[in-house]
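What follows is one structure encoded as structure tokens, with my remarks underneath.
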Amino acid sequence: LALFANNLATVYVAMDDLSRAEPLIERALRLRKKNYGEDHPEVASSLNSLGQLYFKQQRYLEAEYAYKRALDIEERFLGPNHPEVAATLGNLALVYTAQGLFADAGPAFQRSLRIIENTLGPNHRDLATLLANYANYLRKTSFDLEAALVEERAKTILAQKTLPASQG
């Protein structure tokens with residue numbers, strides 16, 4: 001039931017139907033905490049969904065907390081160099097960027113990029129997505145030339161025939 005609620009909520013978030021998504025994510029989180037305890041990768045998954053929802057609602061402090069909590073769980077259970085850790089770091093970097101916390105966003109993006117490149121390879125579509133987000137951060141911090149180079153790399157990756165984002 002928790003998986004279904006979380007997946008349905010993800011669809012609602014993607015459709016920007018946030019009022020329908022929030023109770024489903026909260027329910028999935030409660031169920032996962034009850035079934036697995038406070039510290040489990042399934043709980044981290046729901047926390048990531050909650051972070052995504054809060055980010056879309058511009059509730060950045062709550063998004064930051066959810067992502068940091070998910071990151072803590074993922075690093076302990078999956079290891080510090082797992083692609084899920086990288087995804088959460090990338091999301092946290094977006095939250096920092098939205099808050100203007102550029103000194104925190106840069107290292108989070110850079111660590112996420114290293115993990116993705118080392119685990120999924122230099123031509124993976126997830127890397128391209130992260131590079132595009134990093135380029136946006138670079139533009140906001142007035143590194144326009146570097147941003148253009150990063151954007152070009154992202155476009156090059158996307159132009160290649162690669163595996164879908166969910167495959168490695």
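For this structure, a couple of remarks:
- Computed over protein heavy atoms with a 1.4 Å probe, the accessible surface of region 40-141 works out to 43 Å² per residue.
- Centroid-to-centroid separation of region 1-21 and region 51-129 [C-alpha atoms, Å]: 20
- Computed over the chain with a Gaussian network model linking Cα atoms closer than 10 Å, the most mobile of Tyr36, Tyr134, Tyr60 is Tyr36.
- Once the C-beta distance of Leu8 and Glu146 is scaled by a Förster radius of 45 Å, the resulting FRET efficiency is 0.70 to the nearest 0.05.
- Shape class for region 57-168: oblate, because the ratio a/c of the largest to smallest gyration tensor axis (alpha-carbon atoms, square roots of eigenvalues) is 1.5 or more and b/c is at least a/b.
- Contact order normalised by residue count of the chain, Cα under 8 Å, 6+ apart, percent: 13
- Rounded percent of accessible protein surface that carbon and sulfur make up, region 49-168, 1.4 Å probe: 54
- Relative contact order of region 53-114, taken over Cα pairs closer than 8 Å and 6 or more residues apart, is 29 percent.
The values are calculated or read from the model by the stated rules, or taken from the named source; none is laboratory data. What you are looking at is a predicted structure, and each value in this text was computed from that prediction instead of being measured. Neighbour counts run over all protein chains shown; Cβ positions are idealised from the backbone, glycine included. Surface areas here come from the heavy atoms of the whole protein model, side chains and all, with no ligands, DNA or RNA. Shrake-Rupley method; radii C 1.70, N 1.55, O 1.52, S 1.80 Å.
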